[in-house]
Amino acid sequence: MRAFARDGGQMKIGIVADTHFGYSRFEEDAFMQAEAALRDAEQKADAIILAGDVFDSKIPRLETIKRAADIFSKIEKPIFVIHGNHERRSKGMTNAVQLLSSLGKMRYLHAQTEVIEIQGEKASITCMGSVPEDLASSGIRKVAESEINKIPKDAFKILVIHQSLSDIIRPNDEELCIDALESLPFDLIINGHIHKYQSELGGRLLIPGSTVITQLRSDEQGERGYILYNTKTRTHEFVKIPARQFFYMELRFDNAGMDEVKERIAKTVEDLQSKNENPVIKIRISGTLREGLASGDLSFLHYDGVYLQNDINMESIREKIMKIRESREEKLSIREAALRQLGEKLRGKVRLFNPTELFEKLVESPDSAEQYLKKEKRESKA
């Protein structure tokens, strides 16, 4: 058990996740915004929990590790951390978070529990770093069963994980679901991996979201920040941090000309950039162009700070692909029907050949079928 002193009040936990240090597209944003969250949490919380994906890659550059270590060296409050899917490595191999922990910057936990005490108030932090999604549910149950009896009965019990949740990301029977977490014997469950702040199970399951955008998807829109949790009142607040705003826009066109496409994109970009300081913008364009124009004709379009997803004419391409597939399936079904009919006619009759092979030869040409029959007849007499 680790004991920490503080100036009275109630125990508060700062919850940060998915800082993605070293993310190349927004590297400075990742460092600056994570540091803002950690510095603010240090001022308001008694301890900080990092719920995985501290780094963006399994083997970060040395410069990235040094810069992260410098940020954590300035944080005086205790930090407890797990690895995320971006840091997960094969069994027996040291991950980047373990390396950082070995420098004395934080306490790394995996399938372990740490109990902290602050002026007589206890909290246990049970952790399971990221595991393959199909093993998450059984893995969490095993960790809970093995660790729960090690926890003092009067401690506030926290579980920290880093997994997909099928209820939120996508329906998948192999992935962990919220219902599977509800029955676990913990007062608070913290999950990383999901990049947008969410509160589930009446505030018992908390997802702080990422401190930096990485996927440029519509569900990453919104404020960046961290969670400040009060263990006594069992309440929390989402604390916003200074961060560049992200906007995801969709523009649809119908039989449009090049000028129309360019003008609408330019106006959308101008409106967003005029109202927001240095925003990150992603625009998805879809629909159709006038006859004679192709989606590739738009490849030259470029706007600073704007990511353009060109799906123009994709629907017509999909339709063509579906027609080709249907045509192939139709041909296949005709072939199967003819073969089945031939087999039924020959069923129970003495024959010197294989109906399937004969049918294939007939498809090739009558001559091929005739040669096949002669060959089979010769072989039967041999």
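For the stretch 335-350, indicate whether the set of residues that are modelled with pLDDT under 70, of a type in the set (Gly, Ala, Ser) and within 30 Å of the chain's Cα centre (by Cα) is non-empty.
no
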Having 1 or more residues that are at pLDDT 95 or above and within 20 Å of residue 142 (Cα to Cα) is the bar; report the strands (runs of 3 or more DSSP E) wholly within the stretch 170-211 that clear it.
188-191, 205-207
Counting just the residues of the stretch 67-125 that are of a type in the set (Lys, Arg) and out of contact with any strand residue (DSSP E or B) (no Cβ under 8 Å at 6 or more places or on another chain), which one comes out modelled with the lowest pLDDT?
91
Kindly indicate the residue of the stretch 223-236 that is surrounded by 15 or more Cβ atoms within 10 Å (Cβ to Cβ) and not β-branched (Val, Ile, Thr) and also nearest to residue 121 (Cα to Cα) among those meeting that condition.
230
Taking the stretch 269-298 as the search range and keeping residues that are over 28 Å from the mean Cα position of the chain (by Cα) and of a type in the set (Ser, Thr, Tyr), which one is surrounded by the fewest Cβ atoms within 10 Å (Cβ to Cβ)?
274
Can you tell me which of (1) under 28 Å from the mean Cα position of the chain (by Cα); (2) at pLDDT below 95; (3) not in a helix (DSSP H, G or I) is the one residue 254 doesn't meet?
(1)
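Looking at 137, 124, 101, which is the one that is free of Cβ contacts under 8 Å to residues at least 60 places away in the same chain and assigned to a strand (DSSP E or B)?
124
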Just name the residue that is farthest from the chain's Cα centre (by Cα) out of those in the stretch 257-268 that are buried (at least 17 other Cβ atoms within 10 Å of the Cβ) and in contact (Cβ under 8 Å) with a residue 40 or more places away in the chain.
261
Within the stretch 78-85, is even one residue touching a residue at least 60 places away in the same chain (Cβ under 8 Å), within 24 Å of the chain's Cα centre (by Cα) and surrounded by fewer than 20 Cβ atoms within 10 Å (Cβ to Cβ)?
yes
Hey, any hits in the stretch 264-280 for a residue that's touching a Lys or Arg at 6+ places or on another chain (Cβ under 9 Å) and over 26 Å from residue 54 (Cα atoms)?
yes
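The values are calculated or read from the model by the stated rules, or taken from the named source; none is laboratory data. Just so you know, these numbers come straight off a predicted model, no measurement behind them. Note: ideal-geometry Cβ built from the backbone for every residue, glycine included; neighbour counts use all protein chains shown.
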